[in-house]
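What follows is a single structure, written as structure tokens, with notes after it.
The values are calculated or read from the model by the stated rules, or taken from the named source; none is laboratory data. Fair warning: this is a prediction, and the values are worked out from it, not measured in the lab. No Cβ is skipped: glycine too gets one built from the backbone with ideal geometry, and neighbour counts run over all protein chains shown.
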Amino acid sequence: MIFSQSSIYLVSTNNAMTSTISVISNGGTFTLTSTASSNDVPAKFRFYNINSTNTYTYNVLRTIKSINTQGVNTATTYFCVGATCLPPSANTLTNPGDYIVLSPGSYEALITYFSELSTIGYSEIYYKIFNVNDPNDTLSFTMAYNPTLSVKENSRLIENVSIFPVPANENVSIQAKVNSPIEVKLTLYNILGQSLFVQKIKLNEGTFKKNIDISTLPDGTYFLNLQNVITGENILSQKIIVNKP
């Protein structure tokens, strides 16, 4: 499967992955089913500079949106770019000497790794490849591990989730039926994966409704994420269009 955006062209070289276009990013989502207690399972990619004339310098940013958690233990993830492998605690290359310089038509390897717990669960990891000299030249994608588990587990706690209106201009509302008390984290992201609004909310059984003021946001595409605070699993990720009259 191939995704491309601006000067960047991404190729998956993993036959075990499936992929679907996603509202989470401008690239897409790769889904995998993990195995209990598996270690350092790789997902392999190449990213190319497809500009025909210019050499560009690139970096990669990882954001952990949701991670499988059992008690005090969590699944782990890390990634390698070219010859540089980052520790699980690191989210991006910090040494400019490790940045990836690509001449027209050349490529570099990107490998993401995931280690699962003894009990499998849902994890969602967001990656963004970006031109360090041009913030608009990016390509992002999401790695979703065991996405069906997230739907099954969280649907017992919260259901009938809706976000409206679409498109929105001054406010956007989220409404849901809460079947059991739960603490959630509500996050609004822009298309670059930057969080613009974050709030933790303790929900009681019954109908939940929350209004978010978006009157100061420019027109464009945003993403609203609802996450179970205890398990770290996503309940909802939905695109929001802001279009002011």
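Go through segment 87-102 and give me each residue that's crowded, with 18+ Cβ neighbours inside 10 Å and under 17 Å from TYR113 (Cβ atoms).
Correct list: LEU93 only.
Does ILE120 qualify as being at pLDDT below 85, surrounded by 15 or more Cβ atoms within 10 Å (Cβ to Cβ) and assigned by TED's automatic domain parsing to the domain that holds ASP40? Reasoning before the result, please.
Numbers: at pLDDT below 85: yes; surrounded by 15 or more Cβ atoms within 10 Å (Cβ to Cβ): yes; assigned by TED's automatic domain parsing to the domain that holds ASP40: yes.
Yes.
Could we say that TYR58 is outside the structural domain of ILE235 (by TED's automatic domain parsing), of a type in the set (Phe, Trp, Tyr) and surrounded by fewer than 19 Cβ atoms within 10 Å (Cβ to Cβ) here? It would help to see each step written out before you state the result.
Details: outside the structural domain of ILE235 (by TED's automatic domain parsing): yes; of a type in the set (Phe, Trp, Tyr): yes; surrounded by fewer than 19 Cβ atoms within 10 Å (Cβ to Cβ): no.
So TYR58 fails the test.
Could you count how many residues in segment 170-185 are at pLDDT 90 or above and not in a strand (DSSP E or B)?
Total meeting the criteria: 1.
In this structure, is LEU192 in contact (Cβ under 8 Å) with a residue 40 or more places away in the chain, part of a loop (DSSP other than H, G, I, E, B) and either under 27 Å from ARG62 (Cβ atoms) or among the aromatic types (Phe, Trp, Tyr) (or both)? Quick ask: steps written out before the conclusion?
On the way: in contact (Cβ under 8 Å) with a residue 40 or more places away in the chain: yes; part of a loop (DSSP other than H, G, I, E, B): yes; either under 27 Å from ARG62 (Cβ atoms) or among the aromatic types (Phe, Trp, Tyr) (or both): yes.
In short, yes.
Go through (1) in the same structural domain as THR35 (by TED's automatic domain parsing); (2) within 20 Å of the chain's Cα centre (by Cα); (3) not in a loop (DSSP other than H, G, I, E, B) one by one and return the number of the condition PRO88 breaks.
(3)
Output the residues belonging to segment 34-49 that are over 19 Å from the mean Cα position of the chain (by Cα) and buried (at least 17 other Cβ atoms within 10 Å of the Cβ).
Initial filter on segment 34-49 (over 19 Å from the mean Cα position of the chain (by Cα)): 35-40, 48-49.
TYR48, ASN49, listed by residue number.
Scan segment 119-128 and give yes if some residue there is touching a residue at least 24 places away in the same chain (Cβ under 8 Å), of a type in the set (A, V, I, L, M, F, W, C) and touching a Ser or Thr at 6+ places or on another chain (Cβ under 8 Å), otherwise no. Working first, answer last.
Taking segment 119-128 first, the residues touching a residue at least 24 places away in the same chain (Cβ under 8 Å) are 119-128.
When the remaining residues are screened for being of a type in the set (A, V, I, L, M, F, W, C), the result is 120, 125.
Add one more test, that the residue is touching a Ser or Thr at 6+ places or on another chain (Cβ under 8 Å), and what stays is 120, 125.
Yes, segment 119-128 contains a residue that is touching a residue at least 24 places away in the same chain (Cβ under 8 Å), of a type in the set (A, V, I, L, M, F, W, C) and touching a Ser or Thr at 6+ places or on another chain (Cβ under 8 Å).
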